[in-house]
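Worksheet: the structure to be examined is printed underneath.
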Amino acid sequence: MLPDLQAAFRAGTIGRDAAAAAALSAGGMQNGHRFGIYRNNIFKSLTGVLEAAFPTIRNLVGGENFAVLAHRFVAAYPPRQPQLYAYGGDFAAFLAGFAPAVGELPFLPDLARVEWAVNEAYFEADAEPLAAGHLAGLAPEGYAGLRLGLHPTVRLVASDWPVWDLWGLEALPEPSQNPRPPEKQGGAQRVLVRRPENKVDVVMLTPGDFAFVGALAGGDTLGAAATAAAGAEAEFDLSACLAGHLSGGTFHSRVIVDTS
Amino acid sequence: MALERENGLAESFARDPVPAAAGIGLRHTHYGDFLDGRPATAWLEVHSENYVCPGGPRMATLEAVRQHYPLSCHGVGLSLGSAEGLDAGHLARLRSLVDRFEPGLVSEHVSWSTTGGDYLNDLLPLPYTEEALDVLVGNIGQAQDALGRTILIENPSSYVTFAESTIPEWEFCAEAARRSGCGLLLDVNNIHVSAHNHGYDALEFLNGIPGELVGEIHIAGHADTEWDGRPVLIDDHGSTVKDAVWDLLDTALARIGPKPVLMEWDLDLPPLDILLGEAAKAQAALDRLAPHGPGLGSRAMDDAA
C-alpha cells in the first residue's frame with residue numbers, strides 16, 4: 001500500500017535505515033541498487049540549503065565536516081515544510097547538543113543563531129523604517145512616552161563569544177554595506193541584525209544599547225528602555241544610540257505615543 | 001467533454017499567457033542580468049517554493065522582472081502523490097503567490113516528497129497503481145480548488161520502479177489529467193532518462209500522451225554516469241541538452257504542435273548566454289515546426305472549410 005511504501009522510503013533515506021531499503025527491494029522495488037540515488041539527492045540538496053544559510057560555519061569547519069553535521073541534522077530534524085528558505089531554524093539547538101562539534105568550537109551554536117537571524121531578516125516581510133524626521137515635530141517631553149516598534153526584520157543575539165567578529169569571516173550573498181567599528185574586542189558580544197531595505201546589516205551593540213533595544217522589543221516605552229539601558233551600562237548615551245538606530249533603520253515607521 | 005476542458009485551460013491562463021515559444025528558468029545566479037537589462041527570452045519560469053517567503057530581495061526581484069515577461073510557476077514541493085494528502089498551509093502560500101504574480105502557467109509533478117509530515121527534498125517515484133492514481137487525482141483536485149485554477153502535472157524522471165505497478169507511466173499521467181481536469185507538462189528529458197533507466201521505448205511514451213492535454217514542454221541536461229558500478233542516467237539539470245533529447249523534442253513537437261518549451265538548468269548554473277543559447281535551439285525547433293506543424297495544419301484546414 002502507498003502509505004507503507006512512502007514510510008519505507010522515509011526510513012531508507014533520511015532515516016538511514018538500510019533494512020528499510022532492502023525491504024523495499026524484497027517487496028518488489030526494481031533496480032533497488034539505485035535507491036541510494038534518492039538518499040544522496042535528499043542529503044546533498046539539504047546540505048546545500050544549510051550551507052547557504054550557515055556560510056560562516058561551513059567555512060569555519062570545512063566542507064567535509066559541515067556535510068557530517070548537516071547529514072546528522074537532516075536525520076534528526078528533517079524539514080517539515082517545502083519552503084526551504086525556512087529550513088535550519090533548529091540548527092543552533094542541534095549544534096548545542098552535538099558534543100563533538102561543541103567541544104572543539106563551543107561558539108558554534110551562538111554563531112548559528114547569528115547566521116539564522118541573518119537568514120530570517122533576509123526573507124522577512126518588507127516594511128518602511130522610521131525616518132528621523134518623523135520624530136522631529138515631537139515635543140521633548142513626549143519622548144519618554146514613545147513606544148518605538150522595531151522593524152520586522154530586527155533580530156537580537158547575545159553571546160558569551162565574539163560572534164560578531166566570527167561572523168565577519170565569510171561573505172554572505174547579500175553582505176552588509178555598513179562599515180564596522182574599528183575596535184574588535186574579544187569576549188562577549190551582542191549583535192543586532194536588520195534589513196531595512198535590501199541589504200542585511202549585522203551590527204555589534206554595547207550592553208546598554210542591547211538592553212535598550214531588547215526593552216523596546218518587549219514593548220517598553222522609550223523612557224523605560226533608557227532606564228534599562230542605563231542599568232546595563234553606566235556610560236549609556238541615549239541620544240547617540242537613538243541617532244544610530246534611526247539612521248540604520250532599526251525602528252518601524254509606526255510610532256505610538258503613550259499619553260498615560 | 002475534451003473541448004470544455006480545453007476551453008477551461010485556455011480561460012484560466014488568459015490573463016498573461018505563456019507563449020508557445022522557448023523560455024528559461026529565472027535563477028538567483030542571473031538576477032543581475034534581469035535587473036540590469038532585458039535578456040531575450042519569451043517567458044520565465046520560477047520554482048514556486050522559492051517565492052513563498054514574506055518579503056526580501058527575492059520577492060522584490062520577481063516583482064520587478066514579472067513586469068516584463070510572462071511567468072510560469074513550477075512547484076517542486078506540493079507532493080501531489082502523498083498518501084496523507086496535501087499541506088493546507090502550503091496550498092495557501094501558493095495561492096498567495098499566484099494571486100500576486102498571476103502566472104500564465106502553474107505546474108507540479110507526478111511524484112511525492114512528504115510522508116509523516118517530513119519533507120524529503122526530492123521528486124520521489126510513485127507505483128503506478130489504481131490506489132496511487134486515486135490519491136493523485138484527489139490531491140490534484142484539492143490543489144486546483146485551493147488555487148482556483150487549472151494546473152499542469154509533469155512526468156518525472158526515476159531510478160526505480162515497482163513490481164506492483166499495473167499502469168504504464170504515460171497512461172497513468174494521462175488518466176490523472178483526464179480525471180482531475182488538469183493538463184500535462186511533458187518533460188522530454190525525463191521521458192528519455194526514465195525510458196533509458198527502465199528499458200522502455202521513449203516513443204511509446206510519447207505516442208501514449210494525448211497531445212491536446214499538453215500545456216508545456218520541458219527540456220534539460222542529464223548526467224550519463226554510474227551508480228553502484230552500473231550505468232544510469234541521472235536527471236541533474238546540470239548541463240546542455242543531449243542530442244537524443246533534442247531529437248525527442250522534435251518528435252514531440254511534430255506530434256503535439258507548438259507549446260511553450262522551457263530550458264531547465266539548476267545545478268552549476270552557467271552564464272546566462274549559455275542558457276539562452278540552449279533556449280535558442282529550442283526556439284529553432286519550434287520555428288522549424290511552423291510550416292508543417294499540427295497547429296498551422298489544422299488552421300489551414302479551418303481556412304479551407
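The values are calculated or read from the model by the stated rules, or taken from the named source; none is laboratory data. Every value quoted in this text rests on a predicted model; they were computed, and no experiment measured them. A quick note on method: Cβ atoms are made from the backbone with ideal geometry, for glycine too, and the neighbour counts reach across all protein chains shown. For accessibility, only protein heavy atoms count, side chains too; no ligands or nucleic acids. Shrake-Rupley method; radii C 1.70, N 1.55, O 1.52, S 1.80 Å.
Numbers for the structure displayed
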| item | result |
| --- | --- |
| Cα-projected label distance for residue A:33 with residue A:147, points at 7 Å along beta-carbon direction, nm | 6.8 nm |
| Pairwise FRET efficiency - residue A:197 versus residue A:136, Cβ, R0 = 25 Å, nearest 0.05 | 0.70 |
| Total lysine pairs whose alpha carbons fall under 28 Å of each other in the protein assembly as shown (8 or more apart, or interchain) | 5 |
| Rh (Kirkwood; distinct C-alpha pairs) - chain A, Å | 20.8 Å |
| Protein accessible area in the range A:2-106, 1.4 Å probe - carbon and sulfur % | 51 percent |
| Nearest-0.05 FRET efficiency for residue A:86 and residue A:257, computed from C-beta distance (R0 41 Å) | 0.70 |
| Relative frequency of Cα-Cα separations exceeding 32 Å in chain B, percent | 22 percent |
| Accessible surface of the range B:2-304 [probe 1.4 Å, protein heavy atoms]: carbon and sulfur percent | 52 percent |
| Summed buried accessible surface, chains A and B, 1.4 Å probe, nearest 100 Å² | 4000 Å² |
| Rg and Dmax of the protein assembly as shown, Cα atoms only, in Å | 26.7, 92 |
| Residues of the range B:97-200: accessible area per residue with a 1.4 Å probe, Å² | 26 Å² |
| Where only C-alpha atoms are counted, convex hull volume of the range B:217-285 per residue in Å³ | 87 Å³ |
| Diffusion coefficient, µm² s⁻¹, Stokes-Einstein with Kirkwood Rh over alpha-carbon pairs of the range B:116-174 at 37 °C and 0.692 mPa s | 254 µm²/s |
| Average accessible area per residue (Å²) across chain A - probe 1.4 Å, nucleic acids and ligands excluded | 44 Å² |
| Over the range A:132-257: Rg over Rh, Cα atoms, Kirkwood Rh | 0.97 |
| Residue B:274-residue A:16 pseudo-label distance in nm [points 7 Å out on the Cα-to-Cβ vector] | 3.4 nm |
| C-alpha center-to-center spacing [the range B:64-115, the range A:1-44] in angstrom | 26 Å |
| For the range A:109-136, residues shielded by at least 40 square angstrom of accessible area compared with the chain on its own, probe 1.4 Å | A:122, A:123 |
| Peptide-level mean, for B:154-162, of C-beta atoms on other protein chains within 10 Å | 4 |
